Amino acid sequence: MRRAANLTELATLVDAATGPVIVSGTDLVAHTAVLRHLATSPVGPTVALVLTDPPAPGQAVVREERGQVVDAGPDGRLDGGQTGVFGGALRVGRDDLPALAAAARAAVAGTPIAGTDPAAVAGTPPAAGPEAAGSAVDRLFTGLTALGTLTFAHRVRLLVAHRVADPAGLAAAEAAVAAVDEDRAELRLSVKEKDDFFTTFFVSTWSPYVTKASAKLGLTPTGVTAISVLFAAVAAVLFGVGGRPALVTGAVLLYLGFMLDCVDGQLARYTRHFSAWGGWLDTMADRAKEYLVYAGLGYGATAAGFRYGWALAVAAMTLQTVRHMTDTWYGVLHDEAARRPKAVGGGGGGIGDRLNAASTRVQADTGSLSYWLKRTVVFPIGERWALIALTVALFGPLVSLVAVLTWGVLAFAYTGALRTLRARWMWVPVLDTVDATLHRDDGPIAARFPVLRPMGPLTLAVLGALGPAALLVAAGLRVRAGDEAGGLAWAAPVALLVLLVAALGAGAAHNGPLDWLVPAALRAGEYLFAIAVGVVGGAPAWVVFGYVFVLTLHHYDLTARLEKRQAAPPLHGATLGWEGRSAVLAVAAFAGFAGIAMATLGAYLLVVFVGSVVLAWVVLPARARRGVGVPAGGEVRQPG
């Protein structure tokens, strides 16, 4: 720890730094845990402490959206739009250190940084001689924000943090710090501040006790995740076995498995044990557990005499995956909109503006009926686990699958309609900010297609999905009528040609207001085509389920890497792309061996997926640690 006498000395220290740096003014009085949380925060590389105290003279106020600081400056400059006051401390990631040094030197000189507002950078005129500590750190933070550095806000709950200006304030702050049981507060802080209804009232009321016991036993978040997967897998087996005792026992295990799914995140927050691997594993394990349960329900419903049990399980998995794709990309859209607040106001009002304002009001009214209705109607994971556990215990696998599908469809329609209206109002291109080819999951065939720009990539992706949908409907009608769907083998190549229409948008700019829906539309088209080929080719239902399940693992890997800001999987090129995989299945269906091809291709993709996991999380990090120079890891978000 070094004390810098002024911002000039600070800039010199930052120039020599090789890793993240925490900068704090000398007027901050806080629990040690506050700085520990700031140092270990997984939300991003650069994080600022934000308080709710009224700003003192010379202190910077901030405006934040979705946890990101989008503006900062002296009190009064934000015209009442501030959401908090800068807490006098920030952690700056390694890549942002040059910006920190530039902001420090600009604040000392009182000169604007190129392309910024002088008032935003300097805040207050530089003091003659050494700067006062508080004013120096505030000018530094304001300048860093003006440079456009992506900074996340870290707020203090339950613990104490205040900036003091006199001995009386110092004594009061120290007394407040001493009055708090730090460990008890940390345990309460391990629970998410805002969670879903079922999780909040039926899990988080007692899961912290399990979290503390797990910490005492020396369990890691990854270990707890593994136990929760085991519970869900046993529950899935019991759902397949059937019989009231097995179904009730499976429902109890499912509930306990979900509790442990909450505990792994709580344990990570309580012990401050975050890692890129843990965040990725948490995301992947959640989906794998849920889809294993769907498989158990599908098998159980089929064994109980319902012909289409597996079909319902495949439908539930497909629906949930497409929903998650829209959730991921809508979140990216909102984050990008928060980084560009001026662009958001371009809509000039209208229904999107009103919906956005209404949503903000509801989210701020924590605990109200409208707040809980909004969080529940979207059918989050806690409500899904609760619905499955209750319906399977009381009625059986068939009713459970129907209930999941019904609520899922209604939630998808509700969120899809509202998000579309809000997205059109925001008009923020998000696929232009990332590698669109990667997140579209395009393969070598799509790369060689000409670009059909006038129609746009979303329109082309939706049109492409209509061919597989039509083939699936036709095959389903034949099966329902008692005929063989194999007579439609000739239609598989035709449906493929329609699906390949989506490839005409691969090279186009994905900058439309709704182009964040492109990945979800492509996933829907590929899954529908695979299911249709399975029905036409007479593949066993469990083979179709298994193949789509492997596809979901691959696609969730892509979205998890997007959320963790990581590069493509090491073996991504070997996955053939959505169009390459579909072409293989189309040829197989036409030749009459769809089932064998689907099983073989699924096994191949699973091997590639496992190989990518081993390379990404074991081999490449080991090489990087040995100094080979292979990049590994990345920043992570906090796990659930």
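Whether any residue in segment 52-69 is out of contact with any helix residue (DSSP H, G or I) (no Cβ under 9 Å at 6 or more places or on another chain), open to solvent by 20 Å² or more (accessible area, probe 1.4 Å) and over 30 Å from Ala175 (Cα atoms) is what I want to check.
no
Condition first: among the acidic types (Asp, Glu) and surrounded by fewer than 18 Cβ atoms within 10 Å (Cβ to Cβ). Now tell me which residues in segment 549-570 satisfy that.
Scanning segment 549-570 gives a single hit, Glu563.
Go through Arg3, Arg36 for me and flag whichever is open to solvent by 70 Å² or more (accessible area, probe 1.4 Å) and either under 25 Å from Gly331 (Cβ atoms) or more than 30 Å from the chain's Cα centre (by Cα) (or both). Let's see the steps before the verdict.
Numbers: Arg36 fails: either under 25 Å from Gly331 (Cβ atoms) or more than 30 Å from the chain's Cα centre (by Cα) (or both).
The match here is Arg3.
Can you pull out the residues in segment 389-411 that are open to solvent by less than 30 Å² (accessible area, probe 1.4 Å) and farther than 18 Å from Phe306 by Cα?
Ala389, Gly408, Ala411
State which residue pairs qualify: first residue closer than 16 Å to Arg440 by Cβ and inside segment 453-468, second residue part of a loop (DSSP other than H, G, I, E, B) in any location, beta carbons under 6 Å apart, and separation of 6 or more residues or different chains.
Arg453/Ala508; Gly456/Gly512; Pro457/Ala508; Pro457/His510; Leu458/Leu514
Give segment 298-312 a look and list any residue that's within 12 Å of Trp542 (Cα to Cα) and either open to solvent by 40 Å² or more (accessible area, probe 1.4 Å) or among the hydrophobic types (A, V, I, L, M, F, W, C) (or both), or say none.
Tyr299, Thr302, Tyr308, Trp310, Ala311, Leu312
If you scan segment 503-522, which residues turn out to be in a helix (DSSP H, G or I), hydrophobic (A, V, I, L, M, F, W, C) and touching a residue at least 60 places away in the same chain (Cβ under 8 Å)? Steps first, answer last, please.
Quick first cut of segment 503-522, residues in a helix (DSSP H, G or I) only: 503-505, 515-522.
Restricting the remaining residues to those that are hydrophobic (A, V, I, L, M, F, W, C) gives 503-504, 516-518, 520-522.
Residues satisfying the conditions are Ala503, Trp516, Leu517, Val518, Ala520, Ala521, Leu522.
Of all the residues that make up segment 196-218, how many are open to solvent by 30 Å² or more (accessible area, probe 1.4 Å), assigned to a loop (DSSP other than H, G, I, E, B) and not small (Gly, Ala, Ser)? Explain how you work it out, then say what you get.
Just the residues of segment 196-218 that are open to solvent by 30 Å² or more (accessible area, probe 1.4 Å), to begin with: 197-198, 200-202, 205-206, 209-210, 212-213, 215-218.
Narrowing further to those that are assigned to a loop (DSSP other than H, G, I, E, B): 205-206, 218.
Subset that is not small (Gly, Ala, Ser): 205-206.
The number of residues fulfilling the criteria is 2.
Across segment 70-96, which residue is farthest from Ala16 (Cα to Cα) among those that are open to solvent by 40 Å² or more (accessible area, probe 1.4 Å) and in contact with a helix residue (DSSP H, G or I) (Cβ under 9 Å, 6 or more places away or on another chain)? If you could, list the steps in order and put the result at the bottom.
The initial filter retains those residues of segment 70-96 that are open to solvent by 40 Å² or more (accessible area, probe 1.4 Å), namely 71, 75-77, 79-80, 82-83, 94-95.
Adding the requirement that they be in contact with a helix residue (DSSP H, G or I) (Cβ under 9 Å, 6 or more places away or on another chain) leaves 71, 77.
Working: Asp71: 28, Arg77: 34 Å.
My answer is Arg77.
Please go through segment 156-195 and pick out each residue that is of a type in the set (D, E, K, R), part of a loop (DSSP other than H, G, I, E, B) and open to solvent by 60 Å² or more (accessible area, probe 1.4 Å). Show your work before the answer.
Looking only at segment 156-195, we keep the residues that are of a type in the set (D, E, K, R), and these are 157, 163, 166, 174, 181-184, 186, 188, 192-195.
Imposing the further condition that a residue be part of a loop (DSSP other than H, G, I, E, B) reduces the set to 157, 166, 181, 192-195.
Those that are of a type in the set (D, E, K, R), part of a loop (DSSP other than H, G, I, E, B) and open to solvent by 60 Å² or more (accessible area, probe 1.4 Å): Arg157, Asp166, Asp181, Lys192, Glu193, Lys194.
Residue by residue, here is whether (1) surrounded by 20 or more Cβ atoms within 10 Å (Cβ to Cβ); (2) at pLDDT 90 or above holds:
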{"position": "Ala541", "(1), (2)": "yes, yes"}
{"position": "His572", "(1), (2)": "no, yes"}
{"position": "Val584", "(1), (2)": "no, yes"}
{"position": "Phe590", "(1), (2)": "no, yes"}
{"position": "Gly611", "(1), (2)": "no, yes"}
{"position": "Val614", "(1), (2)": "no, yes"}
{"position": "Gly633", "(1), (2)": "no, no"}
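Can you name every residue in segment 260-279 that is open to solvent by 10 Å² or more (accessible area, probe 1.4 Å) and hydrophobic (A, V, I, L, M, F, W, C)?
Leu260, Cys262, Phe274, Ala276, Trp277
Going by what's in this entry, would Ala599 be described as open to solvent by less than 30 Å² (accessible area, probe 1.4 Å) and more than 25 Å from the chain's Cα centre (by Cα)? Write out each step before concluding.
Values: open to solvent by less than 30 Å² (accessible area, probe 1.4 Å): no; more than 25 Å from the chain's Cα centre (by Cα): yes.
When the stated conditions are applied, Ala599 does not pass them.
Residue check: is Leu421 of a type outside the set (D, E, K, R), open to solvent by less than 60 Å² (accessible area, probe 1.4 Å), in contact with a helix residue (DSSP H, G or I) (Cβ under 6 Å, 6 or more places away or on another chain) and assigned to a helix (DSSP H, G or I)? Spell out how you get there, then give the answer.
Numbers: of a type outside the set (D, E, K, R): yes; open to solvent by less than 60 Å² (accessible area, probe 1.4 Å): no; in contact with a helix residue (DSSP H, G or I) (Cβ under 6 Å, 6 or more places away or on another chain): yes; assigned to a helix (DSSP H, G or I): yes.
No.
Residue under question is Val224, and the condition is that it be among the β-branched types (Val, Ile, Thr) and surrounded by fewer than 17 Cβ atoms within 10 Å (Cβ to Cβ); does it hold? Working first, answer last.
Values: among the β-branched types (Val, Ile, Thr): yes; surrounded by fewer than 17 Cβ atoms within 10 Å (Cβ to Cβ): no.
Answer is no for this residue.
Select from segment 408-448 the residues that are among the basic types (Lys, Arg) and touching a Pro at 6+ places or on another chain (Cβ under 7 Å) and write down the one among them that is farthest from Tyr294 (Cα to Cα). Explain how you work it out, then say what you get.
So in segment 408-448, the residues among the basic types (Lys, Arg) come out as 419, 422, 424, 440, 448.
Now restrict to residues that are touching a Pro at 6+ places or on another chain (Cβ under 7 Å): 424, 440.
On the way: Arg424: 35, Arg440: 26 Å.
Once the filter is applied, the top-ranked residue is Arg424.
Results for (1) over 24 Å from Pro569 (Cα atoms); (2) open to solvent by less than 10 Å² (accessible area, probe 1.4 Å); (3) among the hydrophobic types (A, V, I, L, M, F, W, C); (4) under 23 Å from the mean Cα position of the chain (by Cα), shown as yes or no for each residue.
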residue: Ala447; (1), (2), (3), (4): no, no, yes, no
residue: Val451; (1), (2), (3), (4): yes, no, yes, no
residue: Pro468; (1), (2), (3), (4): yes, yes, no, no
residue: Val479; (1), (2), (3), (4): yes, no, yes, no
residue: Leu488; (1), (2), (3), (4): yes, no, yes, no
residue: Ile531; (1), (2), (3), (4): yes, no, yes, no
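When only residues in segment 217-235 that are among the small types (Gly, Ala, Ser) and under 25 Å from the mean Cα position of the chain (by Cα) count, which is farthest from Asp282 (Cα to Cα)?
Initial filter on segment 217-235 (among the small types (Gly, Ala, Ser)): 218, 223, 226, 228, 232-233, 235.
Still in the list and also under 25 Å from the mean Cα position of the chain (by Cα): 223, 226, 228, 232-233.
On the way: Gly223: 11, Ala226: 10, Ser228: 10, Ala232: 14, Ala233: 16 Å.
Ranking the qualifying residues of segment 217-235, first place goes to Ala233.
Looking only at segment 318-365, how many residues end up being open to solvent by 40 Å² or more (accessible area, probe 1.4 Å), hydroxyl-bearing (Ser, Thr, Tyr) and either touching a helix residue (DSSP H, G or I) at 6+ places or on another chain (Cβ under 8 Å) or at pLDDT 80 or above (or both)?
Residues flagged as open to solvent by 40 Å² or more (accessible area, probe 1.4 Å), hydroxyl-bearing (Ser, Thr, Tyr) and either touching a helix residue (DSSP H, G or I) at 6+ places or on another chain (Cβ under 8 Å) or at pLDDT 80 or above (or both) within segment 318-365 amount to 0.
The values are calculated or read from the model by the stated rules, or taken from the named source; none is laboratory data. Since the structure is predicted, the reported quantities are computational estimates derived from the model, not experimental observations. In this analysis, Cβ positions are derived from the backbone assuming ideal geometry, glycine residues included, and neighbour counts consider all displayed protein chains. The protein model used for the area step is the full one, side chains on, heavy atoms only, and it has no ligands, DNA or RNA in it. Shrake-Rupley method; radii C 1.70, N 1.55, O 1.52, S 1.80 Å.
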